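Below is one structure, written out as structure tokens, with a few remarks after it.
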Amino acid sequence: MPQEYKLILRQTDEPGYTPDLECYLRHGGYESLKKALALQPRTLPDGKSQTPQQFIRQEVMTSGLRGRGGAGFSCGLKWSFVDRKSGKPIYLICNADESEPGTFKDRQIIYKDPHQLIEGMIISCFANDVHLAYIYIRGEMPDGAKLLNRCLQEARAKHFLGKNILGSGYDLEIYVHRGAGAYICGEETGLIESLEGKRPYPRIKPPYFPAVLGLWMCPTIVNNVETLCNVKHIVAMGGAEFAKLGTPNNTGTRIVSLSGHVKKPGYYEIEVGRVTIGELIHDPAFGGGLRPGRSLKAVIPGGSSAKVFKAGEKFNLKGKEVAMLDLPYDFDSLIQAGSMSGSSAIIVLDDSTDIVEALANIAEFYAHESCGQCTPCREGSLWMSKALHRLSHGEGRAQDADYLLKIADNIPGGRTICAFGEACAWPVQSFVAKFKDEFVAKGAADEARRAKEHSLPAAPRLLAAAQH
Amino acid sequence: MPAPPPIEKIRVKVDGRELEVPRLMADWSGRLMPTTMIQACELAKVDVPHYCYHPKLPIAGNCRMCLVEFGTPALGPDRKPILNPDGTAKIVKSPRPAIACATPVSPGMEIYTNTPGVKQMREGVLEFLLINHPLDCPICDQAGECKLQEYSADYGQSASRFVEPKVHKPKAVDLGPRLVLDDERCILCTRCIRFTKDIVGDDALGIVNRGSYNTLTAYPGRVFDNNYTLNTVDICPVGALTSKDFRFQMRVWFLKETKSVCTSCATGCNIIIGSRAEKIYRYTPRENAAVNGPWMCDYGRLNYRWIGRVDRLEDVLVRGRTTTWTAALNDIADGLKKAPPGSVAVIASARQTNEELWLLKKLADRCGALTDVIGRFGDGDKLLLNTDRNPNKTGARLIGICQTSAGIKLMPIAELIRAGKIKTLLVFGEDVTKHGIGVDLLGKLDTLIVSDILPNETTKQAHYLLPGCTHAEKRGTFTNTKGRVQKFMQAVEPPGEARPEWDFLHDVVYNVTGQDGFLTIEGLFNEMAKDVPAFNGLTWAGLGDTGVTVKI
């Protein structure tokens, strides 16, 4: 029987659990921090000595923890890229700009158990010799920012933060910075620009890899909320023990945001790869199935930018044919199936969905959120959105499916500065490719109707526009 | 000072052709940084189209026009290159393209700029740039020097498949006192923003709104009015930023371009004079790494209208009557030949060329005359504008016409005129009545020989008035404040009877001293270079287009 595995959310949903420090301490809070700060330098079997900081970083590497923000990059590897010889301060930023449509996991932690995040951050900062860290929180979460500030205050009062933390000699300050409401601020270099007080135009890489040239051109670590919380548990249980959770190379747990046409939308924490997409949708422990009389049409498996899965699709995973619903919900299987688990947000679409409308909705979001810095994304995202708006408002053409694909094909694949190019193009590419008949049919129907209405091949407005 | 260690070379391939490039090259600010693909391509003489990249600005990487494909040598587990059966290094092609402007090259890298994939990416970017761009080239002032137009010829499509309504943005925005912005034409390359922020230090421009609605603007309440704003017109790859002074005056393809030097201060920015039918329409900066880079100031750029003024001096006048050059010059030469030593003084102008000042010096030496020039000063800045507003004071000093402090002999000359000792005064290009030699003193002279281009109090008093030429109407050289000797070419014909000063001074010097041998500007310069110690070794031809720095 598939079931939830609660690591991060172990206590948060217990009755009477409150986000204040007293409650957190009653539940064993800040014990991992005490453990981390009490670590002593060790001598390894090969005679080399290892500092406590190096030990924690090694444990994170051993744990196999992968970033929970969207890219799924190894956290230990990310930390290993940090330039520790530059002589410049190292910064750590918690990316709490959770904005990917369909995603609502980080806010569970922030609103229900903020001290867990703070503890994870302090340990991560300690492990990376960071003395100044930021929580960059999405502008639309003002209460979360207020709560985090109050919790930081509580932590300071108990000497978990500030100078000489718990008498260890380690100093750390954490500040909360509120975004102004832009999806692109979740892109780590856009976030850094925003934190520096500028427009969140993502930086070009090379040369501006955050690990070397990040905030204020200093080495910087940007980690997701959930990732940082995991560090606390890795220190508590040990990296090797953590790695036993989940499946190989897909370790630990993930909080899945399940939304759309299921009976029980919500957030569910699972061991990575131990639950399939089908179970997440249909099992009573999770989504509880579709609404009565409905059949599955599509699944967006990793936030709205992930490529869509069509109901009934089959994939070849390492020579084995796997049905879409049987895909284990992890990082690697979904990549092999041509999509991604992204921010672990599953959006379920049943047969009541107008697929063109759904894509038009997604495209409108990305057109609105494109920062506008680089050409393909700036121009392509709005172009696709306008075309889809037209197609979903009775002004379509049968050729619009191909038209959309041609636009979308010119955006991703390294043509843009950041991954937003992929984020806006992948839905269009996958929706149109997998549901092409619906797009063509809708456009053709529009043309037929217009021909009947006006005895004209296309609406006059269209012709006028085409003559620009 | 010991020479810096030589920069290591690395071998790369551009479109199949192998070449050596330095591992490090100067970036926009002159700092040595890893050589980029676009720099390597330039060394390989392979053109990579681009909009946002500018060699003298920080890299933005936003236009995506310079995307190229590339490969790097495959490495085995031992970190050694894997070889093909024929012994060449095995190359792994990168699955993702890279922007040539920001990506450093590495040993053995292969850059591909002419593959179908690269062509398709360029076509894609160009199509994206054009969908919301007004297709109004016939009424756009940038036509003819527009990168969008040029690359459209290479990568554009004959018909647009865009059937959506275009994005509309502000038109004819009064961005500053000297330029107009058309936001619909702007392709958001941010060159202007980077220029004013990082070169001028005036963080006045920015982008507002999101996505396709991105709009260039000045910060609220700010006017874009620093002294360098018009450079943004030059570097704007499209017709978004246009100069109020130049827009709609002349189609650029009609302009004759003449290499010249700005005369508005002692910096001597290299310029191109754009003219048509003997009329000057604009100055634009001409790149010279030793002087002005690719920039010039607005003050110098717009300081040209006086050249075409209708009250220019056009006639040779002797005591108010029109005469011929021959008659006037013979008369002058006869007078100077007879003048007793000490009875002549020369007030030259530090706006005159080296050659002219040298001829005047020869004349002065022959007559035992006191010489000086008049200083001219204003506010300077850290970038280009010099406090010394004369283009050639350094030349005047090196030639011996004036001392380090210009104008210190003006009072002695005035006193000697008052005392009746100086009877003949030559004035070139200055109104001495504003500098302590008033009309009363000029009235005491037996002979007042004046050459100028515009009328003033001094020209009114002249016994001999010789119409001269502006720098745009002749050839010659100036020596800038740092000792850069730079030549300039003739853009337009002088008005009326006006003649280049060096040309008629040559006649006077020949008549007075009997010396000859410099009938052309080339010969004259070379003769001067032999005579003036600071210029020894220089030749007209050797100056090239960007000049030579001499020890000052």
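Points worth noting:
- Complete set of residues in segment A:147-197 that are of a type in the set (Phe, Trp, Tyr) and over 20 Å from residue A:423 (Cα atoms): A:160, A:170, A:175
- Taken together, the residues in segment B:185-205 that are crowded, with 18+ Cβ neighbours inside 10 Å and either away from every other protein chain (no Cβ under 14 Å) or not in a helix (DSSP H, G or I) (or both) amount to 13.
- Residue match in segment A:114-123 (condition: among the small types (Gly, Ala, Ser) and not in a helix (DSSP H, G or I)): no
- Leading residue by the ranking (farthest from the other protein chains (Cβ to nearest Cβ)) among those in segment B:111-132 that are of a type outside the set (A, V, I, L, M, F, W, C) and buried (at least 21 other Cβ atoms within 10 Å of the Cβ): B:113
- Qualifying positions in segment A:1-60 - in a loop (DSSP other than H, G, I, E, B), in contact with an Asp or Glu (Cβ under 6 Å, 6 or more places away or on another chain) and within 21 Å of residue A:158 (Cβ to Cβ): A:12, A:30
- Residues within segment B:199-215 that are more than 18 Å from residue B:57 (Cα to Cα) and either in contact (Cβ under 8 Å) with a residue 24 or more places away in the chain or among the hydroxyl-bearing types (Ser, Thr, Tyr) (or both), tallied: 4
To keep it simple, each residue is scored yes or no on (1) within 25 Å of residue A:99 (Cα to Cα); (2) at the interface with chain B (Cβ under 7 Å from one of its Cβ atoms); (3) without any contact (Cβ under 8 Å) to a residue 24 or more places away in the chain.
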site: A:372; (1), (2), (3): yes, yes, yes
site: A:381; (1), (2), (3): yes, yes, no
site: A:385; (1), (2), (3): yes, no, no
site: A:388; (1), (2), (3): yes, no, no
site: A:393; (1), (2), (3): no, no, yes
site: A:398; (1), (2), (3): no, no, no
site: A:408; (1), (2), (3): yes, no, no
site: A:411; (1), (2), (3): yes, no, no
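- From the options B:468, B:483, B:496, residue that is surrounded by fewer than 23 Cβ atoms within 10 Å (Cβ to Cβ), in contact with a strand residue (DSSP E or B) (Cβ under 6 Å, 6 or more places away or on another chain), in contact (Cβ under 8 Å) with a residue 12 or more places away in the chain and of a type in the set (Gly, Ala, Ser): B:483
- Within segment B:271-302, the set of residues being more than 8 Å from the chain's Cα centre (by Cα) and under 17 Å from residue B:57 (Cβ atoms) comprises B:289, B:293.
- Considering only residues in segment B:226-236 that are buried (at least 22 other Cβ atoms within 10 Å of the Cβ) and out of contact with any strand residue (DSSP E or B) (no Cβ under 6 Å at 6 or more places or on another chain), the one that is farthest from residue B:199 (Cα to Cα) turns out to be B:236.
- Any hit, segment B:24-34, residues being over 30 Å from residue A:372 (Cβ atoms), touching a strand residue (DSSP E or B) at 6+ places or on another chain (Cβ under 7 Å) and not in a strand (DSSP E or B): no
- Test: residue in segment B:168-184 that is small (Gly, Ala, Ser) and closer than 21 Å to residue B:60 by Cα: no
- Which numbered condition residue B:176 misses (of (1) under 14 Å from residue B:228 (Cβ atoms); (2) surrounded by fewer than 22 Cβ atoms within 10 Å (Cβ to Cβ); (3) more than 14 Å from chain A (Cβ to nearest Cβ); (4) in contact with an Asp or Glu (Cβ under 9 Å, 6 or more places away or on another chain)): (2)
- Within segment A:356-370, if we keep just the residues that are within 11 Å of chain B (Cβ to nearest Cβ) and surrounded by 24 or more Cβ atoms within 10 Å (Cβ to Cβ), the residue that is nearest to residue B:67 (Cα to Cα) turns out to be A:370.
- Residue that is closer than 30 Å to residue B:100 by Cβ and surrounded by 21 or more Cβ atoms within 10 Å (Cβ to Cβ), where the choices are A:179, A:246, A:252, A:186: A:186
- Criterion violated by residue B:138 - all others in (1) free of Cβ contacts under 8 Å to residues at least 40 places away in the same chain; (2) within 12 Å of chain A (Cβ to nearest Cβ); (3) out of contact with any helix residue (DSSP H, G or I) (no Cβ under 7 Å at 6 or more places or on another chain) satisfied: (2)
- Total residues in segment B:40-74, condition of a type in the set (Lys, Arg) and away from every other protein chain (no Cβ under 14 Å): 2
- Of the listed requirements (1) crowded, with 20+ Cβ neighbours inside 10 Å; (2) more than 25 Å from residue B:294 (Cβ to Cβ), residue B:209 misses just one: (1).
- Residue match in segment B:75-90 (condition: within 13 Å of another protein chain (Cβ to nearest Cβ), of a type in the set (A, V, I, L, M, F, W, C) and farther than 19 Å from residue B:16 by Cβ): no
- Any hit, segment B:351-362, residues being assigned to a strand (DSSP E or B) and either surrounded by fewer than 24 Cβ atoms within 10 Å (Cβ to Cβ) or at negative phi (or both): no
- On the stretch given as segment A:194-212, residues that are in a helix (DSSP H, G or I) and surrounded by fewer than 21 Cβ atoms within 10 Å (Cβ to Cβ) total 2.
Values quoted throughout were computed directly from the atomic coordinates according to the rules given, and no laboratory measurement underlies them. In this text the structure is predicted, and so the values were computed from the model without any measurement. Methodologically, a virtual Cβ is constructed for each residue, glycine included, from the backbone with ideal geometry; neighbour enumeration extends over all protein chains shown.
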